[in-house]
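Trainee: Input: one structure, supplied below.
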Amino acid sequence: MNYQTFFADRLDALKAEGNYRVFAELERRCGDFPHAANHGGGTTKPVTIWCSNDYLGMGQHPKVLTAMHEALDRCGAGAGGTRNISGTTHDHVLLEAELADLHGKEDALLFTSGYVSNWAALGTLAARIPDCLVLSDALNHASMIEGIRHSKADRVIWRHNDLADLEAKLAAQPLDRPKLIAFESVYSMDGDIAPIKEICDLADRYNAMTYLDEVHAVGLYGPRGGGIAEREGLMDRLTVIEGTLGKAFGVMGGYIAASADLCDFVRSFASGFIFTTAIPPAVAAGAAASIRHLKTSQVERAAHQAKVADLRARLDAQGIPHERNPSHIIPVMVGDPVKCKYISDLLLKDYGIYIQPINYPTVPKGTERLRITPSPVHSEADMDQLVTALGALWTQCELARMPLAAQ
């Protein structure tokens, strides 16, 4: 085999399908998010970011930056190693206490990312609990899928948010068999929300544990930003709540919150925790500051929801099709991979708007989309510019618009 030819051929096929990913080289401006500088083609141009997961702009918040500067001056840059060797710092311990309090759990455990927390926690629990069966929602994130696969435990996939299908699969198992239901609260591509209470009811009925991924909900929902489970008063019914520090909290890292024994169990057996360098103390301090602020401030969440509603109304007025859902994620549906990337490219080139195209395999073929995430720091002018640009490109690409009766 000619290896280089193989690599090049597969990349060419991706490009022909419209599924090849091109990274925009962006430079965020401190204090000016969502505006950034786009370094590309030998020039630097201003750009407005419309697809960031820094949902509330907390990556620019003065309290977060001050905490990180203070910790950097106090501790230096790195953590010094893995948590087991020399990387457990006072800032890590304080952050885990904030997270446990946020979710009403006995303890929490930090990881280097949300991906790693899912992979390590699910992989460890499913592998180490004898004869464990994992029941995984069909639209779970790749990190959850990889963790479950890595465990080599038995698994069944239940239809997305389909309670009848989940119950049928639970009822087919012995009541005393260990079972773990793995699902998300807010699903990031469609923006729909899981029926958490009903899933917990089934878990109680069929003697199953629950593992809830709240990465697209923490900071955004609930009176203190604990996520959809907090908003619905359900945190105490969940065995494990998993979250991220890299989205609404504006920094980086992942975590689980659960009982002290479960967290200690994962800490003691998860290779993804044991053998990786800890996040820097300055990152932990910034995340803790963000969490503390959002536990008491409703300003960011209220402004965020208002911007989401405003943008949906503006898209409706233009007939731009977008998925109806109860969350903050606005998937603008294109339905063609080549046109989806073409629109994304023109938005960046001609309008200074950055929205990454979402194509297969992230979403099924025929459902290609622009995933838009409004934030409290998008201005009225930003909103006008986006909707005007989308309207012009919808006409240019001869894409269907929603009739007024469907809006």
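Trainee: Kindly rank 91-97, 160-166 from highest to lowest mean number of other beta carbons found within 10 Å of each residue.
Mentor: Packing proxy ranking, top to bottom: 91-97, 160-166.
Trainee: Output the peptides 199-205, 373-379, 342-348 sorted from most to least packed, where packing is the average of other Cβ atoms within 10 Å over each peptide's residues. Display every interim value, and only then the final one.
Mentor: On the way: 199-205: 17.7, 373-379: 20.9, 342-348: 19.3.
Ranked from most to least packed, the peptides come out as 373-379, 342-348, 199-205.
Trainee: So which aspartates and glutamates pass the test for LYS365, namely a Cα distance under 20 Å, with those fewer than 8 places away in the same chain ruled out?
Mentor: Leaving aside aspartates and glutamates fewer than 8 places away in the same chain, those within reach of LYS365 are ASP12, GLU17, ASP137, ASP190, ASP192, GLU323, ASP336, ASP345, GLU398.
Trainee: Treating only the Cβ of Lys, Arg, Asp and Glu as charged (+1, +1, -1, -1), what charge dipole size does the chain show about its Cα centre? Round to the nearest 20 debye.
Mentor: Roughly 420 debye, rounded to the nearest 20.
Trainee: If you don't mind, there's one more thing I want to ask. Taking H as built 1.01 Å from N, whose amide H comes closer than 5 Å to the amide H of ILE353, not counting residues under 5 places away?
Mentor: Excluding prolines and chain starts, which carry no amide H, the hits are THR48, LEU348.
Trainee: Please give the contour-minus-distance gain from ASP236 to ILE157: 0.36 nm per residue of separation, less the Cα-Cα distance, rounded to one decimal in nm.
Mentor: This chain segment gains 25.9 nm when fully extended.
Trainee: Separation between the GLU106 and ALA13 pseudo-spin-labels, each 7 Å from Cα along Cα→Cβ, expressed in nm?
Mentor: Modelled inter-label distance: 5.1 nm.
Trainee: I've got another one for you. When the Karplus curve 6.51 cos²θ - 1.76 cosθ + 1.60 is applied with θ = phi - 60°, which whole-Hz ³J(HN,Hα) does each residue of segment 95-106 get, with x for Gly and Pro?
Mentor: 5, 4, 5, 4, 5, 4, 5, 4, 9, x, 10, 5
Trainee: Next question, about the same structure. Mean residue ellipticity at 222 nm from the helices of the chain, using -39,500 (n - 2.57) per DSSP H segment of n ≥ 4 over the full residue count, to the nearest 500 deg cm²/dmol?
Mentor: When only DSSP H runs of four or more count, the value is -13000 deg cm²/dmol.
Trainee: While we're on this one: With the crude spin-label approximation of a point 7 Å out along Cα→Cβ, what separation in nm comes out for CYS397 versus ALA260?
Mentor: 5.4
Trainee: Determine the alpha carbon to alpha carbon distance for each of LYS152/LYS179; LYS307/LYS339; LYS63/LYS105 and list only those over 22 Å.
Mentor: LYS307/LYS339; LYS63/LYS105
Trainee: If you average the sequence gap of Cα pairs under 8 Å that are 6 or more apart and divide by the length of the chain, what percent do you get for the contact order?
Mentor: 21
Trainee: Cut-off 10 angstrom, C-alpha nodes, Gaussian network model of the chain. Which of ASP192, ASP382, ASP73 fluctuates the most?
Mentor: ASP73
Trainee: Give, in nm to one decimal, the length gained when the segment between SER271 and LYS365 is fully stretched (0.36 nm per residue of separation minus the Cα-Cα distance). Walk me through the numbers before you get to the answer.
Mentor: Working: separation 94, 0.36 × 94 = 33.84 nm, distance 3.51 nm.
Working it through step by step, the gained length comes to 30.3 nm.
Trainee: While we're here: When ligands, DNA and RNA are left out and all protein chains stay put, how many square angstrom of accessible area per residue does the chain have with a 1.4 Å probe?
Mentor: 43
Trainee: Still on this structure, please answer the following. Residue by residue through segment 355-361, what is 3J(HN,Hα) from phi via Karplus (6.51 cos²θ - 1.76 cosθ + 1.60, θ = phi - 60°)? Round to whole Hz and write x for glycine and proline.
Mentor: Ordered by residue, 3J(HN,Hα) equals 9, 6, x, 10, 10, 4, x Hz.
Trainee: I would also like to ask the following. Of the heavy-atom accessible surface of the chain (probe 1.4 angstrom), what whole percent is carbon and sulfur?
Mentor: Numbers: 9790 of 17360 Å².
Result for the chain: 56 percent of the exposed heavy-atom area is carbon or sulfur.
Trainee: Output the Kirkwood hydrodynamic radius of segment 301-407, Cα pairs only, in Å rounded to one decimal.
Mentor: Taking every pair of different Cα atoms in segment 301-407, averaging 1/r and inverting gives 14.0 Å.
Trainee: Please report the equivalent ellipsoid semi-axes of segment 172-315, computed as sqrt(5 x eigenvalue) of the Cα gyration tensor, largest first, in whole Å.
Mentor: Working: eigenvalues 151, 103, 32 Å².
Equivalent-ellipsoid dimensions as semi-axes: 27, 23, 13 Å.
Trainee: Apply the Karplus parameterisation 6.51 cos²θ - 1.76 cosθ + 1.60, with θ equal to phi minus 60°, to every residue of segment 259-276 and state each ³J(HN,Hα) to the nearest whole Hz, in sequence, with x for glycine and proline.
Mentor: 5, 4, 5, 5, 4, 5, 4, 5, 4, 7, 10, 7, 5, x, 9, 5, 9, 10
Trainee: Please list, in chain and number order, the residues 5+ apart from THR210 or on another chain whose amide H is under 5 Å from its amide H, with Hs placed from the backbone.
Mentor: Here ILE181, THR239, VAL240 satisfy the definition.
Trainee: While we're on this one: Using only the alpha carbons of segment 1-68, determine the length spanned along each of the three principal axes and report them from longest to shortest in whole angstroms.
Mentor: If we take the Cα atoms of segment 1-68, the spans are 55, 26, 19 Å.
Trainee: Can you give the Rg/Rh ratio of segment 1-137, where Rg is from the C-alpha atoms and Rh is the Kirkwood radius?
Mentor: Using Cα coordinates only, the ratio equals 1.07.
Trainee: Of the listed peptides 311-322, 390-401, what is their order by residue-averaged count of other C-beta atoms within 10 Å, with the highest listed first?
Mentor: 311-322, 390-401
Trainee: If you don't mind, there's one more thing I want to ask. Name the residues whose placed amide hydrogens come within less than 5 Å of the amide hydrogen of GLY254, ignoring near sequence neighbours (fewer than 5 apart) on the same chain.
Mentor: It is PHE111, THR112, SER113, GLY114, LEU245, by chain and number.
The values are calculated or read from the model by the stated rules, or taken from the named source; none is laboratory data. Just so it is clear, the model here is predicted, and its values are computed rather than measured. Glycine gets a Cβ as well: all are built from the backbone with ideal geometry, and neighbour counts include every protein chain shown. The protein model used for the area step is the full one, side chains on, heavy atoms only, and it has no ligands, DNA or RNA in it. Shrake-Rupley method; radii C 1.70, N 1.55, O 1.52, S 1.80 Å.
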